[in-house]
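Down below is the structure, laid out as structure tokens.
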Amino acid sequence: YLGVEDEDELRDMLSLEYKRNLAIEDHVEDSITDDEIEKYYNDEVIGDIKVRHILISPEVNDDMSTEEKQEAEDKAKKEAEDLIKQLDDGADFEELAKKYSDDTGSAKNGGLIDYFNKDDNMDEAFLNASIDLKKGEYTEEPVKSSYGYHIILKVDQKDKPKLKKVKDDIIKTL
């Protein structure tokens, strides 16, 4: 399958491939400029974020028609919008999360999602909405993700790490 006759040839082939990859990585790392590193740092690096959220998931299944799925989506969005109105009227975010959130992992803790960052495999829409909020603000519109509709409250955001601390990671990423 790999075009080798025995274990020795396989070992030699893997060794050569490994050495080639190291040489390529070294060459690429040497060709990255300080301007590219700084641009990536300014555009992409953020401090860790802590949020609370309320998830309203549409009740859908594979047996539903497209219209039924859309109705369930609309119902979930409307419920999320109603919760935002309650927050606007002074309702407690944590209590609403405990009572209404469909995220069983965080609901009991008032919707708390502890510090995360861009590399923590968060839903992109959720992550971007979390980044855009100011500390103490919640989303004015429900945020649609693959899980349903979120209402997100930014609890805290740490300072961005210093460039020299993350420079090696940035080089690897670039």
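Against the test of being β-branched (Val, Ile, Thr), open to solvent by less than 70 Å² (accessible area, probe 1.4 Å), at negative phi and at pLDDT 95 or above, the options VAL45, VAL4, VAL51 yield a single qualifying residue, VAL51.
Under the condition of being assigned to a loop (DSSP other than H, G, I, E, B) and not acidic (Asp, Glu), the residues counted in the range 55-95 number 8.
State whether the residues of the range 140-151 include one that is touching a strand residue (DSSP E or B) at 6+ places or on another chain (Cβ under 7 Å), not aromatic (Phe, Trp, Tyr) and not in a strand (DSSP E or B). Looking through the range 140-151, at least one residue is touching a strand residue (DSSP E or B) at 6+ places or on another chain (Cβ under 7 Å), not aromatic (Phe, Trp, Tyr) and not in a strand (DSSP E or B). The set of residues from the range 121-144 being of a type in the set (S, T, N, Q) and either buried (at least 19 other Cβ atoms within 10 Å of the Cβ) or farther than 29 Å from TYR100 by Cβ (or both) comprises SER130, THR139.
Considering the range 29-42, the residues that are free of Cβ contacts under 8 Å to residues at least 12 places away in the same chain and either of a type in the set (Val, Ile, Thr) or surrounded by 10 or more Cβ atoms within 10 Å (Cβ to Cβ) (or both) include one that is nearest to LYS172 (Cα to Cα), namely THR33. Hey, does the range 130-138 have a residue that's over 18 Å from the mean Cα position of the chain (by Cα) and either at pLDDT 95 or above or of a type in the set (D, E, K, R) (or both)? Checked against the condition, which is being over 18 Å from the mean Cα position of the chain (by Cα) and either at pLDDT 95 or above or of a type in the set (D, E, K, R) (or both), the range 130-138 yields at least one hit. Could you go through the range 66-78 and let me know if any residue there is in contact (Cβ under 8 Å) with a residue 60 or more places away in the chain and touching a Phe, Trp or Tyr at 6+ places or on another chain (Cβ under 6 Å). Within the range 66-78, one or more residues are in contact (Cβ under 8 Å) with a residue 60 or more places away in the chain and touching a Phe, Trp or Tyr at 6+ places or on another chain (Cβ under 6 Å). Checking each residue in the range 13-43 for being in contact with a helix residue (DSSP H, G or I) (Cβ under 8 Å, 6 or more places away or on another chain) and part of a helix (DSSP H, G or I) picks out GLU29, ILE37, GLU38, TYR40, TYR41.
Let's see how each residue does on (1) closer than 14 Å to TYR149 by Cβ; (2) open to solvent by less than 60 Å² (accessible area, probe 1.4 Å); (3) modelled with pLDDT of 95 or more:
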position: MET64; (1), (2), (3): no, yes, no
position: LYS77; (1), (2), (3): yes, no, yes
position: ASP88; (1), (2), (3): no, no, yes
position: GLU95; (1), (2), (3): no, no, yes
position: ASP102; (1), (2), (3): yes, no, yes
position: GLY105; (1), (2), (3): no, yes, no
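Cβ-Cβ distances below 8 Å connect the following pairs, each with a first residue in the range 152-171 that is under 29 Å from LEU55 (Cβ atoms) and touching a residue at least 60 places away in the same chain (Cβ under 8 Å), a second residue that is assigned to a loop (DSSP other than H, G, I, E, B) and open to solvent by 60 Å² or more (accessible area, probe 1.4 Å), and a separation of six or more residues or different chains: LEU153/GLU137; LYS154/LYS134; LYS154/LYS135; LYS154/GLU137; VAL155/LYS135; ASP156/LYS135; GLN157/LYS135.
The values are calculated or read from the model by the stated rules, or taken from the named source; none is laboratory data. Values in this document were obtained by computation on a predicted structure and should not be read as measured data. All Cβ positions, glycine included, derive from the backbone under ideal geometry; neighbour counts span all protein chains shown. When the accessible area is computed, the model is the full protein with side chains, heavy atoms only, and any ligands, DNA or RNA have been set aside. Shrake-Rupley method; radii C 1.70, N 1.55, O 1.52, S 1.80 Å.
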